[in-house]
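This is the structure, below, for whatever I ask next.
The values are calculated or read from the model by the stated rules, or taken from the named source; none is laboratory data. No experiment lies behind these values; they were computed from the predicted model shown. As a convention, Cβ positions derive from the backbone with ideal geometry for all residues, glycine included, and neighbour counts pool all protein chains shown. Heavy atoms of the whole protein, side chains included, go into the accessibility calculation; ligands, DNA and RNA do not. Shrake-Rupley method; radii C 1.70, N 1.55, O 1.52, S 1.80 Å.
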Amino acid sequence: MTVIESARRAAGLSQRRLAEIARTQQSSVSEYESRRKSPTLEVVERLLDAADAELAVKPMVFWGVH
């Protein structure tokens with residue numbers, strides 16, 4: 001399950017309703033959720049905002065030889 005689908009389901013929204021709120025097409029939401037299409041970060045932010053969700057990034061540092 002993608003982050004977009006998880007946020008949409010947690011918000012109790014259909015793909016169509018999420019698309020309406022985020023000003024995009026339902027078909028695009030479907031493609032993002034099925035991983036047939038990759039959204040830009042701007043689109044992800046808009047979709048998550050429409051689902052009243054946030055994406056948290058946790059920085060990680062690895063020490064060693066690369």
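Tell me, what is the FRET efficiency for residue 16 and residue 38 to the nearest 0.05, using R0 = 22 angstrom and their Cβ-Cβ distance as r? Don't jump to the answer; show the numbers that get you there.
Numbers: r = 21 Å, r/R0 = 0.95.
Using R0 = 22 Å, I get an efficiency of 0.55.
Rounded to the nearest 10 Å², what accessible area does residue 1 have for a 1.4 Å probe in the complete protein model?
140
Would you work out what percent of the accessible area of the chain, with all protein chains in place, is carbon or sulfur (probe 1.4 Å)?
50
When the helix-only estimate is applied to the chain (DSSP H runs of n ≥ 4, each -39,500 (n - 2.57), divided by the residue count), what is the mean residue ellipticity at 222 nm, nearest 500 deg cm²/dmol? Working shown, then result.
Working: 4 runs with 34 residues, N = 66.
Roughly -14000 deg cm²/dmol at 222 nm, from the helical runs in the chain.
Taking the Cα centre of the chain as origin and charging only Cβ (+1 Lys, Arg; -1 Asp, Glu), how large is the dipole, in debye to the nearest 20?
Working: 10 positive and 9 negative charges, 44 e Å.
Dipole of the chain, to the nearest 20 debye: 220 debye.
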